[in-house]
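One structure is given here, and the rest of the page talks about it.
The values are calculated or read from the model by the stated rules, or taken from the named source; none is laboratory data. This structure is a prediction, so every number in the text was calculated from the model and none was measured. Counting neighbours? That spans all protein chains shown, and the Cβs are built from the backbone with ideal geometry, glycine included.
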Amino acid sequence: MLRSRLAAIAVALLLPGCGAGDDGPGEGRRPEGSGVTIRVPADAPTISAAVSLAQPGDLVLVAPGVYHESVKVGTDRVTLRGESRDGVVIDGRLRQPNGIVVTASGVAVENLTVRNNTHNGVLVTGSARAAAGTPGDGGYDTGDEPVTFLKSFLVSHVTATRNGLYGIYAFSAQDGVIEHSYASGSADSGIYVGQCKPCRIVVRDNIAELNAVGYEGTNAGGDLYVVGNRFVGNRVGLTISSDHQEKLLPQEGAHVVGNLIAANQQEATPEQADGGWGLGVGIDGGNDNRVVRNRIDGHVNAGLVITATSDIPADGNQVLENAFTANAVDVGWTFPTATRGTGNCLRGNELATTVPEALATTAPCPAADRSPSGTWTSPKPPRGIPFTEVAAPAPQPQLPNATTAGPTAVPVVPELPDVATIALPAVSLLADGALVRTP
């Protein structure tokens, strides 16, 4: 797993706020009835105050403003929605670890911006340790306690920018959707799914750019679908990994389908601890994953790499019907230690170069033999920039009917996509909301 640790935070953004202060939840009133709308600031002076008043089935609707608070949603089936995606801003001013923390089931977070948090923009978790994470402590589960999952969530039309670890972070959570969102300036990854098996999570139609890593999935698999996203202009596009810092080893069973993964060697990005650079897709100790009909273009290191951790092999990964163009190496398999893998294979891809050579003919699907290993010269990554200096996002599409629709009913289990119906994407995928363009 790619982890970044911030040794110090040298900048404090003291942004003027309108709509909330640094005080606690404060007071307010909840309208009578069930499934009501609690308005901020009309009914409650802060978002936290409104959320504390909410009952299952309520909508917390937030007026435009800059809110200097960390919002914790611990009541089931609450919808937290901004009236304006770009106008409703939860700003941590680099004083708070998280912008929004969701610890209850059936919660929807919609149509707002979270920025300037030392850890995460939006954290959705069933882990008490992760929810209580403090600066300098990522809150990962490493003890002997059983895994506790949050069940059912939705993050939609959220902009998460300039956060010190992850933009949108689903950890020890199941049965959820992350969609139509934008993540940039994350010092680790823009979108992260970790420690879930089976996940039953869909990550779709998002943009992640100008992050250390666009998307990261660690110890996560089993009905996990990453489909139709734009991972362009990060340092690394997408990683799938097994890691001992989290439970539920090994990672297995993710579907990466129909994504645009391109030009992931942007210099004006935060530099993560492992120094990844110029890589489209990396599978590190992951098993039985399917990488299907993605457009993987323009990487100075490699389009896709399969490797193993020091003690966890990479087995049974299938690379199918992808279009590889303008990569230094299209597909490379490298196992620098004795731990390797079996059953990794390719079929039906458009590609020019592989390491070792002729992988397309020597490792066709299905494959059972031990995977060969090769090496190549990787470029030295340039120094990154502080996450606080990453370019501001472009205006993003609004949630339709944000001010008139009622609470969002989050499905107990999301509808999972039919991979067979997802086509190879065009290079223009979701370009309207992006700063980084592709050729």
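Residue pairs whose Cβ atoms lie under 6 Å apart, sitting 6 or more positions apart in sequence or on different chains, and linking a residue in region 97-109 that is farther than 11 Å from Lys72 by Cβ to a partner that is of a type in the set (Ser, Thr, Tyr), are Pro97/Thr118; Ser105/Ser152; Gly106/Ser152; Ala108/Thr79; Ala108/Thr408. Looking only at region 36-49, decide whether some residue is at pLDDT below 95, surrounded by 24 or more Cβ atoms within 10 Å (Cβ to Cβ) and outside any strand (DSSP E or B). For region 36-49, residues at pLDDT below 95, surrounded by 24 or more Cβ atoms within 10 Å (Cβ to Cβ) and outside any strand (DSSP E or B): absent. Given the condition more than 20 Å from Asp418 (Cα to Cα) and among the hydrophobic types (A, V, I, L, M, F, W, C), answer yes or no: does some residue in region 177-186 qualify? Scanning region 177-186 turns up at least one residue that is more than 20 Å from Asp418 (Cα to Cα) and among the hydrophobic types (A, V, I, L, M, F, W, C).
Tell me which residues, restricted to region 187-224, are of a type in the set (Asp, Glu) and within 13 Å of the chain's Cα centre (by Cα).
To start, the set of residues in region 187-224 that are of a type in the set (Asp, Glu) comprises 188, 205, 209, 216, 223.
Those that are of a type in the set (Asp, Glu) and within 13 Å of the chain's Cα centre (by Cα): Asp188, Asp205, Glu209, Glu216.
Only one of the listed residues (Leu320, Leu359, Leu424) is buried (at least 20 other Cβ atoms within 10 Å of the Cβ), among the aliphatic types (A, V, I, L, M) and closer than 24 Å to Ala262 by Cα. That residue is Leu359.
Listed by position, the strands (runs of 3 or more DSSP E) enclosed by region 250-344 that each have at least 2 residues that are of a type outside the set (Val, Ile, Thr) are 254-257, 260-262, 279-284, 295-297, 302-307, 318-320, 323-325, 331-333.
For region 381-408, filtering for residues that are over 21 Å from the mean Cα position of the chain (by Cα), surrounded by 13 or more Cβ atoms within 10 Å (Cβ to Cβ) and touching a residue at least 40 places away in the same chain (Cβ under 8 Å) leaves 7. All conditions but one from (1) modelled with pLDDT of 95 or more; (2) of a type in the set (A, V, I, L, M, F, W, C); (3) closer than 21 Å to Arg95 by Cβ; (4) more than 12 Å from the chain's Cα centre (by Cα) apply to Leu150; the one that does not is (3).
For the structure I just gave you, tell me whether Ala220 is of a type in the set (A, V, I, L, M, F, W, C) and at pLDDT below 95. No.
Taken over region 82-119, the criterion of being in contact with a Phe, Trp or Tyr (Cβ under 6 Å, 6 or more places away or on another chain) and within 14 Å of Thr159 (Cβ to Cβ) is satisfied by Ile90 alone.
Looking only at residues that are among the hydrophobic types (A, V, I, L, M, F, W, C) and over 16 Å from Ile90 (Cα atoms) in region 45-61, which one is farthest from the chain's Cα centre (by Cα)?
Leu53
Among what's in region 176-227 and is charged (D, E, K, R) and in a strand (DSSP E or B), pick the residue that is surrounded by the most Cβ atoms within 10 Å (Cβ to Cβ). My answer is Glu216.
Kindly indicate the residue of region 262-309 that is among the polar types (S, T, N, Q) and more than 19 Å from the chain's Cα centre (by Cα) and also farthest from Cys365 (Cα to Cα) among those meeting that condition. Show your work before the answer.
So in region 262-309, the residues among the polar types (S, T, N, Q) come out as 264-266, 269, 272, 287, 289, 294, 301, 307, 309.
Right, trim to more than 19 Å from the chain's Cα centre (by Cα) and you get 287, 301, 307, 309.
Values: Asn287: 15, Asn301: 25, Thr307: 18, Thr309: 23 Å.
Per the criteria, the residue is Asn301.
For region 84-96, the criterion of a residue being among the basic types (Lys, Arg), outside any loop (DSSP other than H, G, I, E, B), at pLDDT 95 or above and farther than 24 Å from Pro395 by Cβ is satisfied by no position. Comparison of Thr362, Thr325 shows that the only residue that is under 21 Å from Asn301 (Cα atoms) and among the hydroxyl-bearing types (Ser, Thr, Tyr) is Thr325.
Is region 412-421 home to any residue that is surrounded by 16 or more Cβ atoms within 10 Å (Cβ to Cβ), farther than 30 Å from Phe335 by Cβ and either modelled with pLDDT of 95 or more or in contact with a Ser or Thr (Cβ under 6 Å, 6 or more places away or on another chain) (or both)? Yes, some residue in region 412-421 is surrounded by 16 or more Cβ atoms within 10 Å (Cβ to Cβ), farther than 30 Å from Phe335 by Cβ and either modelled with pLDDT of 95 or more or in contact with a Ser or Thr (Cβ under 6 Å, 6 or more places away or on another chain) (or both). Looking at Thr325, Thr342, Thr337, Thr309, just one residue is among the polar types (S, T, N, Q), surrounded by fewer than 24 Cβ atoms within 10 Å (Cβ to Cβ) and touching a residue at least 40 places away in the same chain (Cβ under 8 Å), and that residue is Thr309.
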